[in-house]
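The values are calculated or read from the model by the stated rules, or taken from the named source; none is laboratory data. Bear in mind that the values here come from a model prediction, so they are computed numbers and not experimental data. So basically every Cβ, Gly included, is an ideal-geometry build from the backbone, and we count neighbours across all protein chains shown. Calculation scope for accessible area: heavy atoms of the full protein, side chains included, ligands and nucleic acids excluded. Shrake-Rupley method; radii C 1.70, N 1.55, O 1.52, S 1.80 Å.
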Amino acid sequence: MKTLADLRAMKEKAKREMTARDENTKYRIVVAMGTCGIAAGARNVMSAILDEINKRDIADTIVTQTGCLGYCDQEPLVQVFQQNKKVVTYGKITPEIARRIVAEHIVGEKILTEQVFMQN
Amino acid sequence: MYRIHILMAMDSHTIAQGSREVKEALIRDLALAGISDEVKIVETGSLGISNKGVVLVVFPDDVYYVNVTTNDIPDIISEHLIKGRIVERLHYKKAAVGKGGEKKDERLGKQVRVVLKNAGIIDPQSIEEYIAEDGYEALGHAVTEMTPEQVREEVKKSGLQGRGGAFFPAGIKWDFAAGTEADQKYIICNADEGEPGTFKDRLILEGDPHSIIEGMALAGYAVGATKGYVYIRGEYRMSIEHVQIAIDSARENGLLGQGIFASDFDFDLEIREGAGAYICGEETALIESIEGRRGEPRDKPPFPPAEGLWGKPTVVNNVETLANIPQIILKGAKWYRNFGTEKSPGTKVFTMVGNINNPGLIEVPMGITLREIIYNIGGGIPNGKGFLLAQMGGTTGGILIEEHLDLPMTVETLRGIGAGLGSGALLVVDDSQCPVDLVKNFVEFFNHESCGKCTLCREGTGRLHELLSRLTSGRGEEKDIELVQVLSATMMRGAFCGLGQAAPVPILGCLRYFKDVFIRHASEHVCAANKCEMEAVAETIAA
């Protein structure tokens, strides 16, 4: 390392590795992992989301899990939180749709209207 | 991408409680659950929670678990990491750590984190994580965009006072060393933390070692020194290990060595291990020890900034002082003065020990009251007992009682009542304890640690121990109390260094506030707290 610019480049890279500890990321993707969710395939949905985020090297997004949301017939459910925006809850998600959520909603900033179960 | 980061406190306390075993179990069980590639385990320094066994935090949920054993790991994985349900029986609700210096996290009570901003947040063995949290930015900024005078000026403006206990203005000390012409100057980090009950420096070194390295390099640039020593007491194995790793990785990344940030500033560091002598925390005794001699204090003046290590100008700064420096350079003196009071700016790190519900490491702004520390942050005194006294600043610290609970704690106000902030140990004592027994134990420690150089300290601590032992064993007389007072006053005036001068401070403090208790011990041979064994009396009765 020779210059301040080198240091800052290293900082950006290191910060990205620490995203999960950041309290203020732009997006938070939550996968419902109650017994119902897992039975409906939430694990595969989670894996697909993580894989897609890795492939696209997306910073500023964390992925976490929650329990049953009370809409067991709609599982697997995925929620996307963004500050000052309505929470988007997608229902009946397959790993393929999960990848599209990352590509279209997170990267493209466009909600997948046909998959939305609720918005509030 | 790791969707979950688990931060495990790996300090000496939690390791003693089995954190290594818990980590092994975690690695094994994550593999069994098939989610090893989703969870990153990060070893970090103290999370500021003591006496709660193995402590870990799950991010991004920011959930703290305490008293975790290897048997709890399957539940944490299957319930929390997979299903997102918090394991309530291990959940620690009042999280003790928040991130970010200026942000006041309400969970912290009145705590503010400047020095401890990274402790319990980053992996101390990873230079990348230190850099991610603005690490080495201040050093880069200083050596490429500031003159040494400007660096000193900023530190002077901040009003930072030495955090080793003497509270001498750090910037002025630097000026002395900068103003002395010499072919070689040195920076020494005093990490010979020997004060009983004080462990703040250890937790800073273990949790954020790069902040010390950066602080020392900045000090080197400011005074024109190219070489530094970190003098760490030998018992602090983990501090030594973490600082060595940090020095090595700073060197590998060109942050120590020649031509730092392509400037003409060279700086390098070495660790020197202390051998466990209390006196070596005194800066000139420490210098003697680095030079390979018996640790005994030198005559002053000359002071180290004029003539220190190997006769060269030397700045000796405490760990906590140095940890403040990068923040002051990065954010400015004005920002630093947002914390604390006009005459005592900044924060102070305390270790809270004794009869208190939440013992541990805290950082608070200067000027906070003792009541807030004990009852708000510390969670009060356990078992429904009352407050007897607090000793501020380690074994040599002054005594504070009920009437001082609402006094804003600053260097000036404490000086006014014959106390000081000292090293930052806060010993809380409940009303079931006996002040005479307490000071007898203190003086026993000083008697053991006196280096023997001067008669007043060598003999004085011995005689004080003898006199106090008479009082606590039912053999005392009222004139012993008077002798204790005279001897104490003489030592404070005449002892060669801080050890002998300060040893009587808590004794005189207790005598001032609890004289009646001393008198009862002497004249009636009664210890109301029933802590002293009045054997002589028992013998008399038996006879």
Test of understanding: among A:57, A:6, A:73, which residue is under 27 Å from residue B:41 (Cβ atoms), of a type in the set (Asp, Glu) and out of contact with any Cys (no Cβ under 7 Å at 6 or more places or on another chain)? A:57
With the structure loaded, tell me whether residue B:476 is open to solvent by less than 10 Å² (accessible area, probe 1.4 Å) and assigned to a loop (DSSP other than H, G, I, E, B) or whether it fails that test. yes
Helices (runs of 4 or more DSSP H) wholly in the range B:103-185 with at least 1 residues that are touching a strand residue (DSSP E or B) at 6+ places or on another chain (Cβ under 9 Å) and away from chain A (no Cβ under 14 Å) - which ones? B:148-158, B:170-179
Kindly establish whether residue B:341 is surrounded by 18 or more Cβ atoms within 10 Å (Cβ to Cβ), closer than 24 Å to residue B:50 by Cα and not acidic (Asp, Glu). no
Any residue that is out of contact with any Lys or Arg (no Cβ under 8 Å at 6 or more places or on another chain), small (Gly, Ala, Ser), surrounded by fewer than 16 Cβ atoms within 10 Å (Cβ to Cβ) and more than 8 Å from chain B (Cβ to nearest Cβ) - is there at least one of those in the range A:91-105? no
Can you name the residue in the range A:44-55 that is over 13 Å from residue B:3 (Cα atoms) and either at pLDDT below 90 or more than 13 Å from the chain's Cα centre (by Cα) (or both) and, of all such residues, is nearest to the other protein chains (Cβ to nearest Cβ)? A:55
Take the range B:378-407 and flag every residue that is open to solvent by less than 10 Å² (accessible area, probe 1.4 Å), of a type in the set (A, V, I, L, M, F, W, C) and within 24 Å of residue B:342 (Cα to Cα). B:392, B:400, B:405
Condition (residue is under 30 Å from the mean Cα position of the chain (by Cα), open to solvent by 50 Å² or more (accessible area, probe 1.4 Å) and not assigned by TED's automatic domain parsing to the domain that holds residue B:300) applied to the range B:526-536: is it met by at least one residue? yes
Restricting the range A:7-32 to residues that are part of a helix (DSSP H, G or I) and open to solvent by less than 70 Å² (accessible area, probe 1.4 Å), which is farthest from the other protein chains (Cβ to nearest Cβ)? A:9
Which of the residues that make up the range B:308-320 are over 15 Å from residue B:232 (Cα atoms) and open to solvent by less than 10 Å² (accessible area, probe 1.4 Å)? B:308, B:309, B:313, B:314, B:315
Can you find a residue that is modelled with pLDDT under 95, among the acidic types (Asp, Glu) and outside any helix (DSSP H, G or I) anywhere in the range B:306-319? no
Within the range B:263-284, residues part of a helix (DSSP H, G or I) and either modelled with pLDDT of 95 or more or not aliphatic (A, V, I, L, M) (or both) come out as B:278, B:280, B:281, B:283, B:284
Inter-residue pairs, beta-carbon under 7 Å, first touching a residue at least 24 places away in the same chain (Cβ under 8 Å) and in the range B:341-355, second open to solvent by less than 30 Å² (accessible area, probe 1.4 Å) and of a type in the set (Phe, Trp, Tyr), 6+ apart: B:345/B:336; B:345/B:339; B:346/B:336; B:346/B:339; B:347/B:339; B:351/B:199
Per the filter on the range A:33-42, residues at the interface with chain B (Cβ under 10 Å from one of its Cβ atoms) and modelled with pLDDT under 90 are A:33, A:34, A:35, A:37, A:38
Restricting attention to the range B:404-416, which residues are touching a helix residue (DSSP H, G or I) at 6+ places or on another chain (Cβ under 7 Å) and closer than 20 Å to residue B:197 by Cβ? B:404, B:405, B:409
Within the range B:285-305, which residues are open to solvent by less than 40 Å² (accessible area, probe 1.4 Å), part of a loop (DSSP other than H, G, I, E, B) and closer than 22 Å to residue B:168 by Cα? B:297, B:304, B:305
Within the range B:200-230, can you find the residues that are aromatic (Phe, Trp, Tyr) and either at pLDDT below 95 or surrounded by 24 or more Cβ atoms within 10 Å (Cβ to Cβ) (or both)? B:221
